[in-house]
């Protein structure tokens, strides 16, 4: 045991006399980059007017709302448009096997500003936050449609986000 202890002491003493022990090294740089693009997605729920009795509701409109969910990257400007659906005229209409039921879509709760797909005219504008934003579509089946035959009426409206 003393022999090992003595050898360790001698080795430490020898190293203390070594002058100028140096290590070699080099430095460089690592470039890091990324490009973040603007991006958006959109989805919508069902706009359900429910059961309409044409005799009871003949003199009054039937209203309903539905959410439109928009997700855009932070700072991205967007416009959300709703097309005319399956109607062959400028007015929107739900159809069944036997008839049509006129309705309108609006951007405001007072139902005075129609919602269409003409960018900058009748669309809804916004700026993305990086999280989901909820817009509301306000629907109205107009009064005075007591001539409409009974049945299940439907339409498909395409929701588009332009950014």
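The values are calculated or read from the model by the stated rules, or taken from the named source; none is laboratory data. Keep in mind the model is a prediction, meaning the values are calculated, not measured. Note that each Cβ is placed from the backbone with ideal geometry, even for glycine, and that neighbours are counted across all protein chains shown.
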Study note, to complete from the structure: If we ask which residues in the stretch 90-117 are touching a strand residue (DSSP E or B) at 6+ places or on another chain (Cβ under 8 Å) and free of Cβ contacts under 8 Å to residues at least 24 places away in the same chain, their number turns out to be 4
Study note, to complete from the structure: Filtering the stretch 55-72 for residues that are touching a residue at least 12 places away in the same chain (Cβ under 8 Å), surrounded by fewer than 15 Cβ atoms within 10 Å (Cβ to Cβ) and out of contact with any strand residue (DSSP E or B) (no Cβ under 7 Å at 6 or more places or on another chain) leaves a count of 4
Review point. Which number in (1) surrounded by fewer than 17 Cβ atoms within 10 Å (Cβ to Cβ); (2) at pLDDT 95 or above; (3) in contact with a strand residue (DSSP E or B) (Cβ under 7 Å, 6 or more places away or on another chain); (4) outside any strand (DSSP E or B) marks the one condition that residue 47 misses?
Key: (1)
**Study point:** Among residues of the stretch 118-163, those that are under 16 Å from residue 68 (Cα atoms), part of a strand (DSSP E or B) and in contact (Cβ under 8 Å) with a residue 60 or more places away in the chain, counted
**Key:** 12
Review point. Do we have residue 112 as within 24 Å of the chain's Cα centre (by Cα), modelled with pLDDT of 95 or more and surrounded by fewer than 13 Cβ atoms within 10 Å (Cβ to Cβ) here?
Key: no
Point to revise | Residue within the stretch 75-89 that is without any contact (Cβ under 8 Å) to a residue 60 or more places away in the chain and more than 19 Å from residue 41 (Cα to Cα) present | key: yes
